[in-house]
1. May I ask which residue of Gly41, Ala27, Ala10 lies farthest towards the positive end of the charge dipole of region 3-105, with charges of +1 (Lys, Arg) and -1 (Asp, Glu) on Cβ and the Cα centre as origin?
2. Considering only the other residues whose Cβ falls under 11 Å of the Cβ of Ala108, what net charge follows from Lys and Arg at +1 and Asp and Glu at -1?
3. In whole Hz and in residue order, list the ³J(HN,Hα) couplings for region 102-109 that follow from phi through the Karplus curve 6.51 cos²θ - 1.76 cosθ + 1.60, θ = phi - 60°; x for Gly and Pro.
4. Net charge around Ile38, counting only other residues with Cβ within less than 14 Å of its Cβ (Lys, Arg = +1; Asp, Glu = -1)?
5. Sum up the charges of everything whose Cβ sits under 12 Å from the Cβ of Asp56, counting Lys and Arg as +1 and Asp and Glu as -1, but leave Asp56 out.
6. Taking only DSSP H segments of four or more residues, each worth -39500 (n - 2.57), what value at 222 nm results for the chain once the sum is divided by all its residues, to the nearest 500 deg cm²/dmol?
Amino acid sequence: MELSLATRTAEDHTVLAVGGEVDVYTAPRLRERLIELIDAGARKVIVDLGGVDFLDSTGLGVLVGALKRLRAVSGTFALVCDKEPLLKIFRITALDQVFPLYRSVDEAIAADSGSGA
């Protein structure tokens, strides 16, 4: 399956909607897009995984890398995920303790706005 990437702005956040499978073959495209966004000045990034059907360890590594890159520039990074199979991956790897996970983009924006970040 192909990977789809669509970027939009919601309030002062950059939302990257990801669709398809994020695996060893497609993860480099996701990594490149996230780096492009951050290098272009995005500091509040939300990755919407609502359209993702499969996520492997390579994809997780890309997300961790983006989180580190944003933290280095005092940015914020959040994930939107409401699919139980993907949430299970985050719980098993304990990455649910690392990433802020939300059920919707609106919820992620509200949480970030409420934190004063």
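Each reported figure results from applying straightforward, stated rules to the coordinates on display, with no laboratory input. All figures in this text were calculated on a predicted structure; none of them were measured in a lab. Don't worry about glycine lacking a Cβ; one is built from the backbone with ideal geometry, like all the others, and counts go over all protein chains shown.
1. Gly41
2. Working: positive: Lys44, Arg103; negative: Glu11, Asp48, Asp106, Glu107, Asp112.
Neighbour charge sum, excluding Ala108 itself: -3.
3. Karplus values, whole Hz, x for Gly and Pro: 10, 7, 8, 4, 4, 5, 5, 5.
4. Values: positive: Arg31, Arg33, Arg43, Lys44, Lys68, Arg69, Arg71; negative: Glu32, Glu36, Asp39.
Net charge in that neighbourhood comes out at +4.
5. On the way: positive: none; negative: Glu21, Asp23, Asp53.
Charge balance in the 12 Å sphere: -3.
6. Working: 4 runs with 49 residues, N = 117.
Helices in the chain give a 222 nm mean residue ellipticity of -13000 deg cm²/dmol.
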